[in-house]
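Each value in this text was obtained by applying a stated rule to the coordinates, not by laboratory testing. Here the structure is a predicted model, which is why all the values come from computation and not from measurement. Cβ coordinates were reconstructed from backbone atoms using ideal geometry, including for glycine residues, and neighbour counts include every protein chain displayed.
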Amino acid sequence: MTTTYAEALRQFRAAARAALDIHDPDKTPEANARARRNALTRTREIFAAQIPTAIEPTGPSRAEILDAHRPSTADTLAVAAREREKVQALLGTGRRLDQIISGASPARVGAILDNLEILPEVLASAEGDQITAQFEALIFDRLAALGDDAAIGRLDAEREVAAPNAWSRVMTETLTGPVTVSAYSALYRADPEACREAQESEVPGLGDALRRSDREQERQGPESDAA
């Protein structure tokens, strides 16, 4: 069944395409350009009012929950040091870190977490932050699998807002250009049927046309609307 958001998306795409295609042979090129801009602006205003506001999940953030598992006392630091040695030994046998995380104990999870920023692959990469974030996500999932109440609660809270937040992202991106793969992926994870509906209303070339229209408007400046 088509959702309200999917229908709003479909209507915007059709209206935006129609706005960009406006051409009256009896008007000057400048007048036609102005008519297209005005129609697109109105269409965007109507659609923007229908975009749901992104909702932050309730409770502690992922970062706060992960921080709580970093070793901080003399005892936990000593345990972490021994666990890091074991992790290095496992890596030396050809095991990948993601495989080690998937079967890690709480103590080993904490040791790995505390060591992420100085991993060789992180230090050697220009995308170290992204690599760290990927491992943190795996660690978070492992904590939930181990029964950590805070991690489980956070995942439940994220699931509750996943669909409206994914729609917010897809619709916001649609306003100004093509929808990214990551935005569609988030919607698919939250609601596969909704993602199918959103993708089915795609208008070929519309995203790029919106970007071109905006770039042209920026080049012409505000005085073009007053002409």
May I ask which residue of G110, G153, A124 lies farthest towards the positive end of the charge dipole of segment 107-227, with charges of +1 (Lys, Arg) and -1 (Asp, Glu) on Cβ and the Cα centre as origin? A124
If you place +1 on the Cβ of every Lys and Arg, -1 on the Cβ of every Asp and Glu, and leave all else neutral, what size is the dipole of the chain about its Cα centre, to the nearest 20 Debye? 340
Roughly speaking, what is the stretch gain from D75 to R215, that is 0.36 nm per residue apart minus the C-alpha to C-alpha distance, in nm to one decimal? 44.5 nm
For the chain, set up a GNM with springs between Cα atoms under 10 Å and report which of A63, A151, A19 has the largest fluctuation. A63
With R₀ set to 35 angstrom, the calculated FRET efficiency between the beta-carbons of D67 and R42, to the nearest 0.05, is 0.15
Normalised radius of gyration for the chain, please: alpha carbon Rg relative to 2.2 N^0.38 Å, two decimal places. 1.42
How far, in nm, would the chain grow between Q199 and T3 when pulled straight, counting 0.36 nm per residue and subtracting the alpha carbon separation? 69.3 nm
Segment 70-147 - Debye-derived log10 I(q)/I(0), Cα point model, q = 0.11, 0.18, 0.27 Å⁻¹: -0.26, -0.72, -1.39
With r defined as the distance between the Cβ atoms of D149 and E121 and R0 fixed at 25 Å, what FRET efficiency is calculated, to the nearest 0.05? 0.20
